[in-house]
Amino acid sequence: MSALGQKDGLLGLGRTGPRQKPLKVLCLGAHSDDIEIGCGATLLRLARRRPRPEFRWVVLSAPGQRGHEAALGAKQFLGSAATDALRVHAFRDGFFPAQFAEIKDAFESLAREFRPDLVFTHARDDRHQDHRVVSDLTWNTFRNQLILEYEIPKWDGDLGRPNFYVPVSKATARRKTHGLLSVFGTQRAKDWFSEGTFLGLMRLRGIECRADDGHAEAFYARKITVRL
Ligand SMILES: [Zn+2]
């Protein structure tokens, strides 16, 4: 898989050509920093591709200042591709299991208006209750897409053994970290929300995939279909 990935991008999704349609990328996050933590470096790379991918950036809960941070985050990581990409919902932080039906309705309307090629979402074995609901509904809703589940370091200690890697340059890893620390002022007081956490995890994943520049983001790809 790594040879195919390096040559052709994300399993062929990255091929470029004059007649190629733009890649449609859906980013799902329960809270306003999840997408950036989980796949920010990968998105920095994808946003530079030509033809430029079409993004949809969905945050399920972002009350008050966090809604502002969600918009800043999308702009910081997607640049001009963030235009019209952001959708912020107002589900109650920490209570997603109790709002399952309403969140499922939101997923179903999303699937009617946007048909992605590639989906980034929370990992199935993430122990945060809101993250799990988003992961489950992703698989429930999107069945013809490549789904990559990202990882979020946290107190629960639920990081596992990912099986899909995106190597990134050290400069991109630093841009991700800088973006996180500059955008999410509401999170800076948390002891884990630090340069060391984000760079350290990317360095570790870089070791696991022998990344050229030493850094990578890692994902769980539970199902991969290759059309030859
Ligand atoms: Zn979260």
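The values are calculated or read from the model by the stated rules, or taken from the named source; none is laboratory data. Please read all numbers here as calculations on a predicted model, not as lab measurements. No Cβ is skipped: glycine too gets one built from the backbone with ideal geometry, and neighbour counts run over all protein chains shown. Just so you know, the surface numbers come from the protein's heavy atoms only, side chains and all, with ligands and any DNA or RNA stripped out. Shrake-Rupley method; radii C 1.70, N 1.55, O 1.52, S 1.80 Å.
Segment 38-66 and segment 119-175 have Cα centres lying 14 Å from one another. Here the extension length gained between Asp212 and Gln65 equals 49.1 nm, from 0.36 nm per residue of separation less the Cα-Cα distance.
Hey, if you put +1 on the Cβ of every Lys and Arg and -1 on every Asp and Glu Cβ in the chain, which of Pro22, Leu204, Thr186 ends up farthest toward the positive end of that dipole? Farthest towards the positive end: Pro22. Summing Lys, Arg as +1 and Asp, Glu as -1, what charge do residues with Cβ under 14 Å from the Cβ of Lys170 carry, Lys170 excluded? For residues surrounding Lys170, the net value is +2. Considering helices alone, the calculated mean residue ellipticity of the chain at 222 nm is -12500 deg cm²/dmol, with DSSP H runs of length four and up weighted by -39500 (n - 2.57) and normalised per residue. Rounded to 0.05, the FRET efficiency of the Thr83 and Arg188 pair, given R0 = 22 Å and the Cβ-Cβ distance, is 0.20. Taking 0.36 nm per residue of separation and subtracting the current Cα-Cα distance, fully stretching the chain between Ala111 and Asn140 would add 9.4 nm.
If you take every residue apart from Gly160 with its C-beta less than 9 Å away from the C-beta of Gly160, what net charge results, scoring Lys and Arg +1 and Asp and Glu -1?
Values: positive: Arg161; negative: Asp125, Glu151, Asp158.
With Lys, Arg at +1 and Asp, Glu at -1, the neighbours total -2.
On a 30 Å Cα-Cα criterion, which of the cross-link pairs Lys170/Lys190; Lys190/Lys223; Lys104/Lys170; Lys24/Lys190 come out too long? Pairs exceeding 30 Å: Lys190/Lys223; Lys104/Lys170; Lys24/Lys190. Largest accessible area first, the listed residues Asp158, Asp93 line up as Asp93, Asp158 when surface is computed with a 1.4 Å probe on the assembled protein chains.
Chymotrypsin sites (Phe, Trp or Tyr not before Pro) within segment 87-174: which are DSSP loop residues with at most 10 other Cβ atoms inside 10 Å? All intermediate terms of the calculation are to be shown ahead of the outcome.
Values: sites: Phe91, Phe95, Phe100, Phe107, Phe114, Phe120, Trp139, Phe142, Tyr150, Trp155, Phe164, Tyr165; in loops: Phe91, Phe95, Phe114, Phe142, Trp155.
For chymotrypsin sites (Phe, Trp or Tyr not before Pro) across segment 87-174 that sit outside H, G, I, E and B with at most 10 neighbouring Cβ atoms in 10 Å, the list reads Trp155.
Sorted into 10 angstrom bins from 0, the C-alpha pair distances of the chain split as 8, 35, 41, 16, 1 percent.
Computed on protein heavy atoms with a 1.4 Å probe, the accessible areas place Asp130, Asp105 in the order Asp105, Asp130, largest first.
Residue ranking by accessible heavy-atom surface, 1.4 Å probe, largest first, among Arg50, Arg161, Arg203, Arg112 comes out as Arg161, Arg112, Arg50, Arg203. Probe 1.4 Å, all protein chains in place: accessible area of Ser80 in Å², nearest 10? Spelled out: Ser80, probe radius 1.4 Å, area about 70 Å².
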